[in-house]
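Asker: Please read through the structure below; I'll follow up with questions.
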Amino acid sequence: MEGCPGAGANRRIVLHDHRITAQPADTACQFPARMDGHPLVTDPTPPPPVARTADATAHTDGSAIPHARPEQGPAAHEPVRPGGPPERSARHRPSGAEFGSLEGERLRFVGSATRRIARGIDLDETVLGLCRASVPTFSDAILVYLSEPLLIGDEQPVSPQVLKLRRTDRIPVALVPGGEGTGGARPRSFPLPAGSAPLGSCTVRGNGPLAEVLRGVRPVFTDSGVPRAALRELSGSELLPESRRAVLAPLRGRRRVIGAAVFLRRPEREPFGEEDLQVAAQLATHSALGVDKAILYDREASIADELQRTMLPDELPQPTGVRLASRYLPAAQSARVGGDWYDAIPLPGSRVALVVGDVMGHSTTSAAIMGQLRTTVQTLAGLDLPPQEVLHHLDEQAQRLGQDRMATCLYAVYDPVAHRITAANAGHPPPVLLYPDSSTDLVQLPPNAPIGVGGVDFETVEFDAPAGATLVLYTDGLVESRTRDIWAGVEHLREKLTETVRLTRPDAAAPLEPLCDEVLDIVGPGDRDDDIALLAARFEGIAPQDVAVTELEPRAESVREARRLVRAMLADWDLGEIEESVELLVSEVVTNAVRYAERPVTLRLLRTDVVRCEVGDDVPQLPRMRQAGPADEGGRGLYLVQRLARRWGATRLGTGKLVWFEVACPAPSAPAQS
């Protein structure tokens, strides 16, 4: 490095681990006040012109790393910048004031660099922060190697350790193949072109020089035997920088060495000094801790994402007479989980329960509470309880989970035969009913108190759900923000729904999936601070001519009446091909019902894309398949149902049970060719 005048000075200040100590001035000043011939800056900016490689290339061909020079003799290099620092042949001792200035500049640089590294959240941002902080102020180029794979916490390390070149920065344009000053020739001393070539990797041998340097943890110059061999092993190159123009710094995290950084300087620039090792150690330490932090952050984010995915439905069911679509958006990238949820639960009698809820907060705790409440709702829905009873038991469960477990919830049951909805609300924003003519209604439900308050008498409301109408259920994150109150947001939602339907052909309904996307557009990019759950239900219903209902007395003769009804209805529906199968299955299910029932048995047939048969009685015990013995007269009916039906099931009701099965309708015959 250039000498520093030292008139009247007999001591110098050196930075060691954040402590300032005095040393004799017989050693030359090693840290330049002007690192590359220009004043030292605390927030480095890239020198023009440069080319950057975000994903570094591999050194599999044994070519030189940046700034390398053949062993036989010096190689010519262009200066880093035109008009670089003038050559000075003599070194001189700095004065005390100059030493203080050097140390101050060094401390400011380290502080600025570590703050820049610490700003990174994910792995790429942390590594990029190290590169941008180091180049060009501290070094002309940098190579960052990280372990593959990167271990988390107490995970056992793999053997042997593999280091992968994660990033390199910065290769001057004049030294990029085809750049200015190269004449199209590839300079051997800068083999890293700008491009997306595969990353290089290095397997660390347990007793090799690289392993020895990594175990030492401290940065080293690569001008001596073991460090030089370590750099050769790491880079795979035989052409290495001369003198102290390369520093190999292990990256040690909280538990283990997770990589290495190589700082490189060009031959025209001052070599690294002893104080530069302290700077490199600071950069390496903060970068390694930042990488550890990024790994933990990525792990927490992946756990949060997985938790949120498992708490929400993988896919919505396809109940009879209704089509469904849904969306979920987290509050932000830094808060990917929340307490909002939606659900659609098939119920007996071809009905479906539509649920949307919102637990306070958007954290993993909120998501966990939401998962428990969602499971509770599914269990209560399976008991076929009315909406107000579902919310009452949900309120009790929230109180059992602990204090301040507050949530809002809307529970609605759609009956496709009656074309009616029965709903109860617990402090949730009201749903919007969208009609085919683009008009909208805000469904007026008693708001009631939220879930978790306790002692609330929830009220139920019934309203019509005509065919072609769409019910939109949502959480408050869609309509409320810091700059907009909830009722203004609800009106904006209604306007958006109307506008979307008007853009659709008059003879067609707006598709549900694009409709959900359009609805989410009412939330601006910076206008969202809560997660959003959205559930849209398009009602198609079941036409009266596709439904047949009768009551049968609990006696053996009723089985014959059931078979007669089945034959008549299938003939009216022109489904004679499946008459025998449906008649046999109805006979088996009705026989079981009238044998044990004390009150009339209900038989209902529905035609959609399948023929669905439902048999209800007052016996709560659900039928189970059992192995019938050779001499048993019964016990084989459910095996026939299992074999011939497309689907079947049994559900408890408030006053008994319902057994149902479905048989696929035959495909329509093709028209005859004339």
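Asker: Would you confirm whether or not the stretch 532-540 contains a residue that is small (G, A, S), buried (at least 17 other Cβ atoms within 10 Å of the Cβ) and within 30 Å of D618 (Cβ to Cβ)?
Answerer: No: zero hits.
Asker: Please find, within the stretch 495-523, the residue that is surrounded by the fewest Cβ atoms within 10 Å (Cβ to Cβ) out of those that are part of a helix (DSSP H, G or I) and in contact with an Asp or Glu (Cβ under 9 Å, 6 or more places away or on another chain).
Answerer: If we take residues in the stretch 495-523 being part of a helix (DSSP H, G or I) and in contact with an Asp or Glu (Cβ under 9 Å, 6 or more places away or on another chain), then E499 is surrounded by the fewest Cβ atoms within 10 Å (Cβ to Cβ).
Asker: Give the residue that is nearest to the chain's Cα centre (by Cα), with candidates limited to residues of the stretch 217-235 that are closer than 15 Å to V204 by Cα and surrounded by fewer than 17 Cβ atoms within 10 Å (Cβ to Cβ).
Answerer: The qualifying residue nearest to the chain's Cα centre (by Cα) is V217.
Asker: Yes or no: the stretch 583-603 includes at least one residue that is closer than 30 Å to G361 by Cβ and modelled with pLDDT of 90 or more.
Answerer: No, the conditions are met nowhere in the stretch 583-603.
Asker: If you check A449 against the conditions, is it within 25 Å of L312 (Cα to Cα) and outside any loop (DSSP other than H, G, I, E, B)?
Answerer: Against the criterion (within 25 Å of L312 (Cα to Cα) and outside any loop (DSSP other than H, G, I, E, B)), A449 does not qualify.
Asker: In this structure, is A571 of a type in the set (A, V, I, L, M, F, W, C), exposed (fewer than 12 other Cβ atoms within 10 Å of the Cβ) and at pLDDT 90 or above?
Answerer: Considered against the rule, which asks whether it is of a type in the set (A, V, I, L, M, F, W, C), exposed (fewer than 12 other Cβ atoms within 10 Å of the Cβ) and at pLDDT 90 or above, A571 comes out as yes.
Asker: Only one of L289, L312 is aliphatic (A, V, I, L, M) and closer than 17 Å to Y411 by Cα. Can you tell me which?
Answerer: None of the other options fit; the residue is L312.
Asker: How about the stretch 286-304: which of its residues are closer than 16 Å to Y145 by Cβ and either without any contact (Cβ under 8 Å) to a residue 24 or more places away in the chain or of a type in the set (S, T, N, Q) (or both)?
Answerer: Result: S287, single match.
Asker: Same structure again: With respect to I578, determine if the residue is under 30 Å from Y411 (Cβ atoms) and among the hydrophobic types (A, V, I, L, M, F, W, C).
Answerer: Against the criterion (under 30 Å from Y411 (Cβ atoms) and among the hydrophobic types (A, V, I, L, M, F, W, C)), I578 does not qualify.
Asker: While we're looking at this one, here's another question. Condition check: in the same structural domain as L520 (by TED's automatic domain parsing) and without any contact (Cβ under 8 Å) to a residue 60 or more places away in the chain. Does P330 satisfy that?
Answerer: no
Asker: Now for a different question. Among the candidates R374, R351, R405, single out the residue that is farther than 14 Å from V472 by Cα, touching a residue at least 40 places away in the same chain (Cβ under 8 Å) and in contact with a Pro (Cβ under 8 Å, 6 or more places away or on another chain).
Answerer: The conditions single out R351.
Asker: Only one residue in G181, G111, G206 is surrounded by fewer than 18 Cβ atoms within 10 Å (Cβ to Cβ), at pLDDT below 70 and over 19 Å from V247 (Cβ atoms). Which one?
Answerer: G181
Asker: Still on this structure: Give E105, E148 a once-over and let me know the one that is under 20 Å from L214 (Cβ atoms), surrounded by fewer than 20 Cβ atoms within 10 Å (Cβ to Cβ) and either in the same structural domain as D292 (by TED's automatic domain parsing) or free of Cβ contacts under 8 Å to residues at least 12 places away in the same chain (or both).
Answerer: Every option except E148 fails the conditions.
Asker: Looking at the stretch 564-590, which of its residues are among the charged types (D, E, K, R) and either outside any helix (DSSP H, G or I) or touching a Cys at 6+ places or on another chain (Cβ under 7 Å) (or both)?
Answerer: The answer is D574, and nothing else.
Asker: Let me ask something additional. Output the number of residues of the stretch 269-281 satisfying the condition of being surrounded by fewer than 23 Cβ atoms within 10 Å (Cβ to Cβ), in a helix (DSSP H, G or I) and of a type outside the set (A, V, I, L, M).
Answerer: 3
Let's see how each residue does on (1) hydrophobic (A, V, I, L, M, F, W, C); (2) buried (at least 20 other Cβ atoms within 10 Å of the Cβ); (3) modelled with pLDDT of 75 or more:
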position: D124; (1), (2), (3): no, no, yes
position: C131; (1), (2), (3): yes, yes, yes
position: V135; (1), (2), (3): yes, yes, yes
position: Q156; (1), (2), (3): no, no, no
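Asker: Being within 29 Å of Q399 (Cα to Cα), assigned to a loop (DSSP other than H, G, I, E, B), in the same structural domain as R323 (by TED's automatic domain parsing) and small (G, A, S) narrows it down to one residue among G468, G454; which is it?
Answerer: The match here is G454.
Asker: Among the residues of the stretch 358-371, write down those that are under 13 Å from C409 (Cβ atoms) and either surrounded by 20 or more Cβ atoms within 10 Å (Cβ to Cβ) or modelled with pLDDT of 90 or more (or both).
Answerer: Listed by number, the residues that qualify are D358, V359, I369, M370.
Asker: Shifting gears a bit: Exactly one of these conditions fails for P466: (1) surrounded by fewer than 19 Cβ atoms within 10 Å (Cβ to Cβ); (2) closer than 24 Å to A367 by Cβ. Give me its number.
Answerer: Only one criterion in (1) surrounded by fewer than 19 Cβ atoms within 10 Å (Cβ to Cβ); (2) closer than 24 Å to A367 by Cβ is unmet by P466, namely (2).
Asker: Go through (1) under 34 Å from the mean Cα position of the chain (by Cα); (2) on the phi > 0 side of the Ramachandran plot and name the single condition V479 misses.
Answerer: It fails just one condition, (2).
The values are calculated or read from the model by the stated rules, or taken from the named source; none is laboratory data. The shown structure was predicted, so the numbers you read here are calculated from the model rather than taken from an experiment. Quick reminder, even Gly has a Cβ in these numbers, built from the backbone with ideal geometry, and neighbours come from all protein chains shown.
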